[in-house]
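Trainee: Mind having a look at this structure? Questions to follow.
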Amino acid sequence: MEALLRFWSERAPRERAILLAGGAVVLIALIYLLLIDPARTGIARLERGLPAARAQAAQLQGLLVEANALKARPQVAKVTATEARAVLEKSLVAAGLKATRIQPLSDSDLQLSFGNVPYAGWSTWLADAERTLGARAISVNATRATAAGNADIELVLRLARR
C-alpha cells in the first residue's frame, strides 16, 4: 500500500487526473461488461423463451388435471394368472359374448379368438376389461364376418400383474 501512495504522490496533478480518468473508464467498462451486459442479454433471452415456457406450463397443467382424473378412477382389479381365465370368461358372459378359444401365453398374456361377434359389443367389452381388469390389448386382428356389423377377432390381452 505504501508503494502505491508513494507512486501517487510522485505524480504531477495532470498525471493524477489522467490516471483517475483512465481508472474511471476501466471501472465503467468492467461494470458494464460484468453486470449490465449479461443482465441485458439475459433478460432478452428470457423474454424470447417466455412464450414457450408458458406453453409448457399450460401443458403441464393439463397433464396434472389428467393425472388427478386418473387418480379418481376406481382401482383396477389385479388377478393372478390362475384366476385370469375365469375372470375373463365371467366378463364375457356378462357382455353376452363367447370366445371360441382362450389360450394362455407367457407372462400372463391370453390369446382370445371370437367368431362372428358383434363388433360394437366386443369393443365395449374390451374397453370395460381394460378399465376394470387392468387388461391391455397387445394385438388385435379383426376381419369382417358374414353378418353385417360382425367380425372375426384374434386378440392378445396382457393382464395387470400383482
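Trainee: Just to be sure, is residue 91 within 14 Å of residue 157 (Cα to Cα), at pLDDT 85 or above, of a type outside the set (A, V, I, L, M, F, W, C) and open to solvent by less than 60 Å² (accessible area, probe 1.4 Å)?
Mentor: yes
Trainee: Among (1) more than 32 Å from the chain's Cα centre (by Cα); (2) open to solvent by less than 20 Å² (accessible area, probe 1.4 Å); (3) under 26 Å from residue 70 (Cα atoms), there is one condition residue 117 misses while meeting the rest; what is its number?
Mentor: (3)
Trainee: Which of the residues spanning region 130-150 are free of Cβ contacts under 8 Å to residues at least 40 places away in the same chain, within 22 Å of residue 104 (Cα to Cα) and either of a type in the set (S, T, N, Q) or in a strand (DSSP E or B) (or both)?
Mentor: Answer for region 130-150, where residues must be free of Cβ contacts under 8 Å to residues at least 40 places away in the same chain, within 22 Å of residue 104 (Cα to Cα) and either of a type in the set (S, T, N, Q) or in a strand (DSSP E or B) (or both): 136, 137, 138, 139, 140, 141, 142.
Trainee: Among what's in region 151-162 and is in a loop (DSSP other than H, G, I, E, B) and open to solvent by less than 60 Å² (accessible area, probe 1.4 Å), pick the residue that is farthest from residue 95 (Cα to Cα).
Mentor: Residue satisfying both the conditions and the ranking: 160.
Trainee: Out of all the residues in region 42-55, is one or more under 30 Å from residue 152 (Cα atoms) and open to solvent by 40 Å² or more (accessible area, probe 1.4 Å)?
Mentor: No.
Trainee: Name every residue in region 112-156 that is out of contact with any strand residue (DSSP E or B) (no Cβ under 8 Å at 6 or more places or on another chain) and among the acidic types (Asp, Glu), in order of residue number.
Mentor: Listed by number, the list holds a single entry, 128.
Trainee: Looking only at residues in region 131-150 that are surrounded by 17 or more Cβ atoms within 10 Å (Cβ to Cβ) and within 16 Å of residue 115 (Cβ to Cβ), which one is nearest to the chain's Cα centre (by Cα)?
Mentor: Residue satisfying both the conditions and the ranking: 150.
Trainee: Now for a separate question. Based on this model, can you work out whether residue 86 counts as free of Cβ contacts under 8 Å to residues at least 12 places away in the same chain and closer than 30 Å to residue 139 by Cβ?
Mentor: Against the criterion (free of Cβ contacts under 8 Å to residues at least 12 places away in the same chain and closer than 30 Å to residue 139 by Cβ), residue 86 qualifies.
The values are calculated or read from the model by the stated rules, or taken from the named source; none is laboratory data. Just so you know, these numbers come straight off a predicted model, no measurement behind them. Neighbour counts run over all protein chains shown; Cβ positions are idealised from the backbone, glycine included. Accessible surface is based on the protein model in full, side chains and every heavy atom, while ligands, DNA and RNA are left aside. Shrake-Rupley method; radii C 1.70, N 1.55, O 1.52, S 1.80 Å.
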